[in-house]
Structure formats: C-alpha cells, structure tokens
1. Of all residues in region 13-31, which are touching a residue at least 40 places away in the same chain (Cβ under 8 Å) and closer than 16 Å to residue 71 by Cα?
2. For region 19-38, give me each residue that is surrounded by 12 or more Cβ atoms within 10 Å (Cβ to Cβ) and either modelled with pLDDT under 90 or not in a helix (DSSP H, G or I) (or both).
C-alpha cells in the first residue's frame, strides 16, 4: 500500500488550548483513521509543552477517513486552526467537507478523495 506523510500544525487561542486541541485531534485520528501512524513534535525543543505538530503517516487508501476526521474535528471547535504542510502551506478554519477533501487530495499527491 502506498503511504504518504502529512505535517499537521494545530493552532488555538492560547497555548493551553492548542495542547487541548492537539490531544483531541490525535485521539480522533487514532480512533477514526485505519492504518495511521502519528508522531507529536515540538516547534521549540526547549519548550515544556508536548508540541502542536503532528506527523501523520497514512496509507493513501484511507484518505477519505482522514478528510472526514479533520472536517469533523474542525467543525467541533471553531477557534481551532489547522495548517497542513511542512511550512504550513495550507491553513484551514471553519471549512466545508469538500475543502478538506481537496486539501488532503493535494497533500497526498493527487490521490483520489471523494466526500461521501
């Protein structure tokens, strides 16, 4: 199975909120997306915070599950933002399911993702 790596950066109003949002996203991804491997990283290695960057390695055939999970997570807390890409190339906040599906498709190198 073909694998792809996504870099997800969680944003919130405060650092406490960012950590809370990151924890909830990790829980959701582990529960909802089959075959996903997650690694949590810090932006600043000197920080005591556990970090708000999630490295996700996913089989491309599970891209629809990933898109749905990201959409549901974003819709649950409108203060949350999510940047996708090593440099945060794409930022999402309050987006539609079609937008999330398109972003995941682009970041997985054009794999087919349909929102159903």
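The values are calculated or read from the model by the stated rules, or taken from the named source; none is laboratory data. Treat the numbers as computed from the prediction; the structure is a model and nothing was measured. Cβ: placed from backbone, ideal geometry, glycine included. Neighbour counts: every protein chain shown.
1. Within region 13-31, the first condition is being touching a residue at least 40 places away in the same chain (Cβ under 8 Å), and the residues that meet it are 13, 17, 21, 24-25, 28-29.
Within region 13-31, 21, 24, 25, 28, 29 qualify.
2. 33, 35, 36, 37, 38
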